[in-house]
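No value in this document is a laboratory result; all are computed from the given coordinates. Not measured: the values here are computed from a predicted model. Please note: Cβ atoms are built from the backbone with ideal geometry, for glycine as well, and neighbour counts cover all protein chains shown.
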Amino acid sequence: RRALGSLGKSRAKFISAEESTGITFDDFAGQEYIKRELQEIVRILKNDEEFQDKGIYCPKGVLLHGPPGTGKTLLAKAIAGEAGLPFFAANGTDFVEMFVGVAASRVKDLFASARKFSPSIIFIDEIDAIGSKRGGPDIGGGGAEREQGLLQILTEMDGFKEFTSQVLVIGATNRLDILDPALLRKGRFDKIIRVGLPSKDGRLAILKVHARNKFFRSEEEKEVLLQEIAELTEDFTGAELQNILNEAGILTARKDLDFIGREELLEALKRQKGTFETGQEDSTEIPEELKLRLAYREAAVAVLACYFPDPYHPFTETDIKSIRSQPNMRYTEISGKVFSRKSDFVNSIVHACAPRVIEEEMFGVDNLCWISAKATLEASRLAEFLILQTGMTAYGKAYYRNQSDLVPNLAAKLEALRDEYMRYAEDKCSSVLREYHSAVETITDILLEKGEIKAEEIWDIYKRSPRIPQPAVKP
Ligand code: ADP
C-alpha cells in the first residue's frame, strides 16, 4: 500500500546518464528514415549551443505513433542511449487516478525531476491515456482528472522556453486519432513520426538484429532461413519477430540441439501465429460461437472476393480451422499486373471492410469481437495510403515538406477524408453482402459442416444464389 503522501509523485522510471539505456539505433532495424530523423534530433540535443548559433532548436516533443510492438519504446530508449542523457520513462495510465488533482501533480513532479537533470528525456508511453481529446466519450472514467493532467502537460511543455533546461519529451501512442489536437500544436509535439509495420526487407533486418546472439549452423544457412521467415511474416511486428527467434531458441534447447534449424523456426512461427491472439498455445478446440463468427467472416470475404474479382490475385480456399484476427482466405499471386487504378484501391478498402460489416450485421454493433480487427485496420490503412501516397485524392496531390508546420490543420482534413472513404466502403460492402445474403448463408453452412471450402465451390454458389437487389451506394 502506498502512503498517501506519495500519491502526487510521478511513478516514472529513472535511468541516469551514466547507466544510460545502453540501447542504440543499431538495435532498431527497418524503416531507416525514422532513424535518420531521430539521429538528427540527437545531434541537436547533444550539441545544443552550436545549433542555437545557427538558429536551429531541438523540437520540444516527438510523437511516435503506430501499432503496438513496432519499436516505439525501443526508439525512445535509443535516443537516450545515443545522446547519453538521463531518461525518465512514464506511462500515460500512471497519471490517471481517481483522486482529484493527482494527475496534474504527478505530471508536475515528473517535469520538475527532468528539469533538474536537464538536458534529459521524458518518455510517456500510451500518452493517449492522458492526452485524449477533451470532451470526447469518457471511456474508463476519470475524465476531469485526465483533463487536468493533459492541461498540465501542455503548460509544462509551453513553459520550458529557456534553452538551459532542455527537456525532450517523447510520446508514444497507437491512437493518434484520439489525441487532443492541442498536443500536436507547434512548440509541443511538433515532430510526428509514424512507426509502421515493417516491410519484408525490414522484417529480415529485424530478424537479423535478434539473431545476433543466437546460434546457426552457418552464416549462409542463417541468411536463407531468416529470408524464409521474413517472407512468411507479413503483418508481423518487430516484437512478434523477436518472439519467434526467442521461441525457436527455446525449442532448440529443449531438443538439446546446438543450432536453430528450419523446423524450430517454423514451429515457433506457428506458435506465434496461434498465441498472439488466443493467448493459449493449443487452440484446437474452438468454441461454437467463435466458429460461427469465423464462418460468417470467411463467407463474407469470399463473396466480396467474387464481387471484385482480381485475376492477378485469385483466391484459392478458406477454412475455419484456426483463429486469427485476419481472414483465413488464401490467395495466389499471378505476375503480370502492371497497374492499379484508383477504383482498385477503393474496392480493396470495400473488401477489407467485409469482416467487420458482417459481424455487425449478424451479431450487432455492441457484440463485436476481435476477429475482424486486422482487416478493419487494413481498410483504414489502405484509405490512408490512397489519400496520402498515391496523388489520386485532393490532399495526396501536394507534397508536404515540413509536415510539422501543417499537421494540426492537415490531420483533421485527412481524417475527415479518410472517414468519408471508410463510410463509403462500409456502405458499399454492406450493400453487396445484403445483395448476396443467400450466398453468404450457404458458404457459412458449408464451412460449419466441413470446416473448409475451395474457390470452385465458392464461385459456383456465388453465381447461382438468388440475389436481393439493393439501392445504389453513392461514393
Ligand atoms: P512499442 O513501444 O511500439 O509497443 P516496443 O519498443 O516495446 O514496441 O517493442 C518491443 C520489442 O520488440 C523491442 O524491445 C524490440 O526487442 C522488438 N522490436 C520491435 N520493433 C523492432 C525493430 N524495428 N527492430 C528491432 N527490434 C524491434
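Calculated from DSSP H runs of 4 or more alone, at -39500 (n - 2.57) each and per residue, what is the 222 nm mean residue ellipticity of the chain, nearest 500? Before the final figure, lay out each step's value.
Values: 17 runs with 244 residues, N = 475.
Calculated from helices alone, the mean residue ellipticity at 222 nm is -16500 deg cm²/dmol.
Cysteine residues of the chain whose Cβ has no partner cysteine Cβ closer than 4.7 Å: CYS58, CYS306, CYS369. Measure nothing but the geometry: give the 0 to 90° angle between the long axis through the Cα atoms of 32-46 and the longest principal axis through the Cα atoms of the chain, rounded to 10°. Orientation of helix 32-46: about 10 degrees from the principal axis. Using C-alpha pairs under 8 Å with a sequence gap of at least 6, the mean separation divided by the residue count of the chain gives a relative contact order of 13 percent. To the nearest 10 degrees, how steep is helix 72-83 against the longest Cα principal axis of the chain, on a 0 to 90 scale? So the helix axis and the longest Cα principal axis differ by about 30 degrees.
Quick one: which of LYS35/LYS270; LYS200/LYS273; LYS273/LYS450; LYS54/LYS108; LYS60/LYS108; LYS13/LYS116 span more than 25 angstrom between C-alpha atoms? Distance filter (> 25 Å) returns LYS35/LYS270; LYS54/LYS108. If you fit an axis through the alpha-carbon atoms of helix 403-435 and take the longest principal axis of the Cα set of the chain, what angle between them do you get, 0 to 90°, nearest 10? Tilt of helix 403-435: around 20 degrees. For the stretch 308-363, applying the loop criterion from DSSP together with a ceiling of 10 other beta carbons within 10 Å to the trypsin sites (Lys or Arg not before Pro) yields ARG341. Placing unit charges on each Cβ (+1 for Lys and Arg, -1 for Asp and Glu) gives the chain a dipole about its Cα centre, and among ALA299, PHE25, ALA472 the Cα reaching farthest toward its positive end belongs to PHE25. Here the dipole of the chain is about 1300 debye; that uses its Cα centre as origin and unit charges on the Cβ of Lys and Arg (positive) and Asp and Glu (negative).
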